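Working notes, beginning with the structure itself.
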Amino acid sequence: MSASPSAPKTDFAARIGAIFRPSILLGGLSIALVVALYWLVATRPGVNPALVPTPPRIALTFWEELRSGELAINTWASLQRVMIGFIIGSAVAVLLGFLAGWFRFWGYFLNPLIDAIRPIPALAYIPLVIVWVGIGEPSRIIIIALAVFKPCVVNARAGMQEVAQIYVDAARVLGAGKVRVFWTVALPSAVPYLIAGMRTAMSTGFLALVAAELIAAPTGLGFMIQNAGQYFRTDIAIVGIVVIGIVGSILDQLAKVTGQYLTKWAEVRRS
Amino acid sequence: MNVEAPKLAIRGLTHRFQIEAQTEPLTVLNDINLAIEPGQFVSLIGESGCGKSTLLRIMSGLLPPSEGETLHDGKRVAGIDPKLGFVFQQDAVFPWLTVEGNIEYGPKARGVAKAERARLVEHWSAQVGLTKFRKAYPKHLSGGMRKRVDLARVFANSPDVLLMDEPFGALDVQTKHVMQQVVLDLWRETRNTVVFVTHDLDEAVFLSDVVVVLAARPGRVASIIRVGIDRPRNEATRVSDDFVAAKRELWNAMQAARAMSGN
């Protein structure tokens with residue numbers, strides 16, 4: 001716990017205090033530790049600094065990539081792909097997951113299919129997608145959408161299956177019809193599952209992104225990493241990796257905050 | 001019984017559950033016949049397994065009976081009807097809605113206009129003592145307060161009959177006593193017909209005009225006890241001679257019912 005001040009703090013002091021909250025301090029520490037360990041390895045005698053660049057070197061490269069505009073172009077290209085793929089994949093997944101989880105008939109119809117898809121990694125579709133769709137932008141988006149689809153459909157279905165009968169009965173005896181029960185009972189009680197599914201989907205989306213951009217992409221962070229590797233520019237590759245980490249975690253935080261807002265009614269375990 | 005037409009009538013009601021595909025179906029209720037007068041507070045009491053909750057669910061239309069029928073104002077109950085309000089034993093308050101959202105859920109589902117809903121929320125949240133908590137989510141409320149929300153929600157839907165399935169079974173004794181008083185106060189205001197399932201002798205005596213004692217396996221009516229204690233009833237009622245006498249009569253009836261029950 002942070003110390004609770006007896007005197008009223010100024011806004012500024014409160015903000016500074018917030019930075020030193022244990023959650024942020026400890027969180028920053030784990031990242032600092034990894035960087036420090038890497039730095040130790042990078043500066044060991046016998047390690048080629050051209051292949052294992054030191055953190056200052058990486059920071060410099062980051063700055064150069066930023067100034068040249070390359071980084072922005074690649075980040076934006078990747079972000080666009082992830083978002084489009086995410087929207088398509090999750091929309092189809094939520095629709096099918098809801099159908100399978102809520103309606104018995106659709107469950108019988110769709111469950112075998114969903115359960116068969118579950119163990120297949122999205123990356124396994126890449127050769128097929130290339131052969132069938134080509135190596136253009138649609139292929140990359142399809143691969144991301146496929147990767148997003150799986151965690152979303154499983155969670156959407158689980159959310160609907162786990163709707164407590166007591167709430168359905170309570171709504172019905174209060175006079176709610178089937179449609180109203182769906183919108184006012186099933187949907188809100190499935191929201192925590194949906195959020196969890198979408199957060200997982202977001203990270204698998206980024207996973208698929210890099211793979212998708214290996215398919216002759218002209219831009220993108222995956223392309224940047226791949227291209228850098230071919231020229232032994234490990235510093236650029238590391239910058240690409242770090243940016244994916246940063247962008248991915250920002251999106252995850254956004255999803256988390258949105259989720260918390262949408263599920264502010266739910267009991268939360270505070271560890 | 002008086003000349004008034006019954007609010008609820010149960011006629012020749014038998015219900016069986018198919019436990020396993022191969023075995024004989026289990027008869028949980030056998031030939032129940034009951035007439036409940038308008039405005040009466042009736043309790044159904046009996047040991048566990050006597051089918052009292054099943055009977056209540058059938059009365060609400062949640063469960064269709066195997067044989068026989070329930071009549072509400074002379075009309076056969078064929079399905080769920082918001083005129084038959086139901087309070088569940090479990091916590092059934094919607095956690096994703098505020099107290100306000102819960103109270104106006106029924107009226108909203110029935111298409112009541114916004115202004116009227118606001119009035120209902122104000123009235124019923126005050127009646128159960130939750131005015132200050134109208135904007136709160138259920139997670140911030142205690143078990144007793146959630147039950148108050150549940151009651152307000154059902155009353156706001158202006159039911160004609162209230163069916164309550166051991167609504168206070170999960171509460172501690174003090175909270176339970178408070179909630180019994182709340183129910184009596186609400187009932188005095190609305191004069192709904194109430195059917196209240198319980199296995200608690202004191203609760204049945206304190207609340208009811210009539211207690212229906214059920215025998216188990218199969219569930220059937222063992223006896224019907226009238227509780228003549230003056231109303232309004234309050235905490236002092238619980239230690240009055242009338243209360244103790246009524247409780248003794250009911251206890252005897254339950255012993256007799258137990259002797260009738262099968263294994």
Checklist entry - Tell me, what is the per residue accessible area of the protein assembly as shown in Å², probe radius 1.4 Å? => result 51
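Which net charge results for the neighbourhood of residue A:122, defined as the other residues with beta-carbon distances under 15 angstrom from its beta-carbon, given Lys and Arg at +1 and Asp and Glu at -1?
Neighbourhood net charge equals +3.
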Checklist entry - With contacts defined as alpha carbon pairs under 8 Å and 6 or more residues apart, what's the relative contact order of region A:153-271 in percent? => result 24
Checklist entry - Scanning chain A for trypsin sites (Lys or Arg not before Pro) in DSSP loops with at most 10 other Cβ atoms within 10 Å, what's the longest stretch left with none? => result A:1-268
Item to check | Distance (nanometres) between label positions extended 7 Å along Cα→Cβ at residue B:249 and residue A:232 | outcome: 10.3
Checklist outcome for this item: Rounded to a whole %, the carbon-and-sulfur portion of the accessible area of chain A at a 1.4 Å probe is 71
Next on the checklist: Taking beta carbons within 10 Å but only from partner chains, what does the mean come to for residues B:96-107?
Outcome noted: 3
Checklist entry - Where in region A:60-78 is the amide nitrogen less than 15 Å from a point lying 7 Å along the Cα-to-Cβ axis of residue A:44? => result none
Checklist entry - Are there any helices in chain A, counted as whole DSSP H runs, that stretch 24 Å or more along their axis by Cα and score at least -0.5 on average by Kyte-Doolittle, and if so which? => result A:22-42, A:70-102, A:137-161, A:187-213, A:234-262
Item to check | Cβ-based net charge around residue A:154, under 14 Å, with every Lys or Arg adding one and every Asp or Glu removing one | outcome: +2
Checklist entry - Tell me, what is the FRET efficiency for residue B:229 and residue A:80 to the nearest 0.05, using R0 = 60 angstrom and their Cβ-Cβ distance as r? => result 0.20
Item to check | At most 10 other Cβ within 10 Å, DSSP loop - GluC sites (Glu not before Pro), region B:1-108 | outcome: B:20
Item to check | residue B:131-residue A:249 FRET efficiency (beta carbon distance; Förster radius 45 Å; 0.05 resolution) | outcome: 0.55
Item to check | trypsin sites (Lys or Arg not before Pro) lying in DSSP loop within region B:89-179, provided at most 10 other Cβ fall within 10 Å | outcome: B:135
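The values are calculated or read from the model by the stated rules, or taken from the named source; none is laboratory data. What you see is a predicted model; the values in this text were computed from it and never measured. We place every Cβ from the backbone using ideal geometry, glycine too, and count neighbours over all the protein chains shown. Surface accessibility is based on the protein's heavy atoms, side chains included, excluding ligands, DNA and RNA. Shrake-Rupley method; radii C 1.70, N 1.55, O 1.52, S 1.80 Å.
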